[in-house]
1. What does a probe at L19 reach in segment 34-75, counting residues whose amide N is under 14 Å from the point 7 Å along Cα→Cβ?
2. What are the residues whose amide H is under 5 Å from the amide H of G653, where those residues sit 5 or more places off or on another chain and H is modelled from the backbone?
3. Grab the beta carbon distance between D688 and H445, set R0 = 30 Å, and tell me the FRET efficiency rounded to 0.05.
4. If you average 1/r over every pair of different alpha-carbon atoms in segment 392-465 and take one over that average, what Kirkwood value in Å do you get?
5. Using the alpha-carbon atoms, what tilt in degrees (0 to 90, nearest 10) does helix 670-680 show relative to the longest principal axis of the chain?
6. Round to the nearest 0.05 the FRET efficiency obtained for M546 and Q636 when R0 = 45 Å and r is the Cβ-Cβ distance.
7. Round to the nearest 10 and give me the degree value, 0 to 90, for the angle of helix 585-601's Cα axis relative to the longest principal axis of the chain.
8. For segment 10-171, what does the relative contact order come out to in percent, with C-alpha contacts under 8 Å and a separation of six or more?
Amino acid sequence: MAAAVEPSQQEQEQEQARLQALQSFEVMDTAPEQAFDDLTALALRLFGVPISLVTLLDSERQWFKSRQGLDVIETPRDIAFCDITIRGSAVLVIEDAEHDPRTNDNPLVTGPLAVRFYAGAPLITPEGHALGSLCVVDREPRAFTPQQCQDLERLARQVMTQLLLRRKNKELATTLREFGLVDQRRRESESIYGLLFANSLDGVMQTRPGGDILTANPMACEILGQSEAQLRRVQRSQVLDLRDPRLLRLFDERDLNGKARGEITMIRGNGERFEAEVSTVTYQDEAGKQFASVAFRDITERRLWARKLEQSLELLGNLARRVPGALVQYRLDPDGRTCYPFASEGIFNMFEVSPLDVREDDAVVRKLVHPDDQRGLVESIQRSAQTLQPWHHEFRVVLPRQGLRWRLGSGQPERRPDGSVLWHGFVSDITERKHSEQHTHWLAHYDVLTGLPNRRMLLDRIGHDLAVARRSRQLGALLFIDLDHFKHINDALGHSIGDELLKQVAERLREVAREDDTVARLGGDEFVVLVSNLGLDAAQATRHAMAVAEKLREVLVMDHHIFDHSYNISGSIGITLFPKGAEAVDDLLREADTAMYRAKASGRNRVAFFETAMHAEVQSRLALEQDLKEALQLEQFELHLQPQFDAQGQEIGGELLLRWQHHKRGRVSPLDFIPVAEESGLIIELGDRVLRQACLALARLHKAGRLQCLSVNVSPRQFRKDDFVAGLRQIIQDTGAPADYLILEVTENLLIDNWQDTSARMSELRALGLRFSIDDFGTGYSSLAYLKKLPLYELKIDKSFVQDTPDDPNDTAIVEAIVSMAKHLNLRVVAEGVETPAQADFLLRTGCDCLQGYLLGRPGPLEDWLRLRGA
């Protein structure tokens, strides 16, 4: 990652002024105060979140003056969300911290606290310094409306007012300690009262017994919408709703007790009525004159919040009653007792018990858990209790009425002060999903038409039998069967006849095979029979394999009776024995397939073994694969770069090409070793190394101030690796490479195969900044659909189209069509294999953006290319 940017002199001075302002409040590391706790508790109820905080930031840490729903009292500043909040003046909302680039790697998100949602309003002093924030936090993602942002800002202003009042009180207290005179104390008290009077969040008025207003503080004027001078002239009926029966009761109580408190209707200057909470007392001045003090606050918003809370509780109740499952709280006490302190009515559908049955003890539910699942269920709960990680577990229950059912339990744990662990979660019925998964598993491993194992299961079986054969030294055989002229039958008689014939063939092969053998259908008219334990020597195994093949041929040529008609068919069978050496599963299938084609070429309805000459070819391929592994270990591969030029002849980047100089083979062509690497899976490690070297090169170019785009070929097998995106993201982070200068070249066939998964992966990588190029465009399966929908950057015209331009009219037309289409789709076009000036002139006239080829620059070592650029 790039180094952090050093703050400017102005930013340092602003931060120093902010820290001095924070220090002036003398609030850090002080005891909790009710005024602040009331505000965080109000935020907790208002926004329906589990955590609410008043945070203050000094130079090193984030300290919580008030906290609701959180045990810690401070965190390092460098992980504080509040550090982002104070950099602006508006409410900061992060709806899903896990997917926000500012916070997705924050320990507060990735660690046990698992923060997902955050909203914070800065606490800004009158001088403009942001001391901290009032924030609300949730462990689940959520939206935050503009109205909620305004509500949070209002509460933040109240927190700031409390801080100002606190500082003023501290200042006044200090002054009182410095001056011991009683008269001075009296004056200071009056000053404090005046300050409180002026800065009170409540409206305060002094009145005569008849109701005439003598003074009104700023908040009273704001609430009533009139100036103090205007209020002195109004009648009681213009401020109080005299029709409100509560008003008379309030005055009677004050006359009786000297003070009273209640809720009444008041009137603003514009005639609007509003609900107010009022406290009033009567007193006498030094001359014995009677006065009254009235403090009031507008509770319209509080009433609104109360209604919202009631609506939320009603919504929660409706949700609990209607959710397809049960909302629960599950508690594990320190002594091991368990219960459901809360369970919605849906728990009856889950366990056929009532909420009351499990409120104190859940033994009745534990008895319903399937015996085979009880241990796993208990262990999963204990793990969650120890780690405080979310709990998710699937288990079976045996219910009196419903019988065997599957349940999914999920919950978020929290440790309580008494040492117990309380989970908030739900239990749902996943029986249908489990049945669907079982069916999906069958579909994934068995052929729908014949019921035989499919290719996936066959590969697993071959791998298993191959491993067993190597340990036991018992030889086995793989028989590859292809029905002769089946396509003619299928085309002439229709798919219904063809399908029925395939089912009869499958049944006959199954009847001939032994119980431990595997009969599989690869697809179409291809079948495979896997047999084991054929003997300890090749001659014996060959005889037994041949006997099995002859039985298969015999049953295949027997008449097949379908819909009152008879049909004849035969099969060509290829056989390979195993184990012979270090062959892999795919090698055995290729060997048997090769032998089958030899049998078919010999006249069909024949049996052929994989021969020595074929074996020699396989050995050659295995030797090359072994040399590839050794080359990877010894780092014999070298990266070369062929430069690319724009229409003005300026070099703008290059394509990285892999070169291999073997100590015996000499220089090995990529056309020879890349297919072997792809088939063997070595291409994954090889490709990862190339990507890392490309990123290191980009980082060096960036440091030298000579950035250019680098293109890297990515194989389909490498691209489809499960952790390809995560691995490439890590390489970029490790090297500090600018991702937007890395172009991944992929083939058309990769884009077509499994289109939706490919699109999703490309979008993830595009979000990192990487760009995509289609290599050898026009030589694969082209489709305008993926060109329009996928996040592509460029097309590379294959050199097979370039080499005969502009003389060949067909290739010329193809190139012109590709360039025209790319321009309409806003894609950059690169032409490969440019070797003559005529080709270059034609391509540039056609509108090609970039050229690459021997005419412009031959490939050379990447290290030399970097050195020439001072990188």
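The values are calculated or read from the model by the stated rules, or taken from the named source; none is laboratory data. What you see is a predicted model, and the numbers here were worked out from it, not measured in a lab. Every residue, glycine among them, receives a Cβ derived from its backbone with ideal geometry; neighbour counts consider all protein chains shown. SASA here: full protein model, heavy atoms, side chains in, ligands and nucleic acids out. Shrake-Rupley method; radii C 1.70, N 1.55, O 1.52, S 1.80 Å.
1. Hits in segment 34-75 for L19 at 14 Å: 57-62.
2. It is Q644, by chain and number.
3. Working: r = 30 Å, r/R0 = 1.02.
In this case the efficiency is close to 0.50.
4. Values: mean 1/r = 0.0632 Å⁻¹.
Evaluated over segment 392-465, this radius sits at 15.8 Å.
5. 70
6. Values: r = 44 Å, r/R0 = 0.98.
For R0 = 45 Å, the calculated efficiency reads 0.55.
7. Approximately 40 degrees, to the nearest 10.
8. Details: 292 pairs, mean separation 37.0, N = 162.
Relative contact order, segment 10-171: 23 percent.
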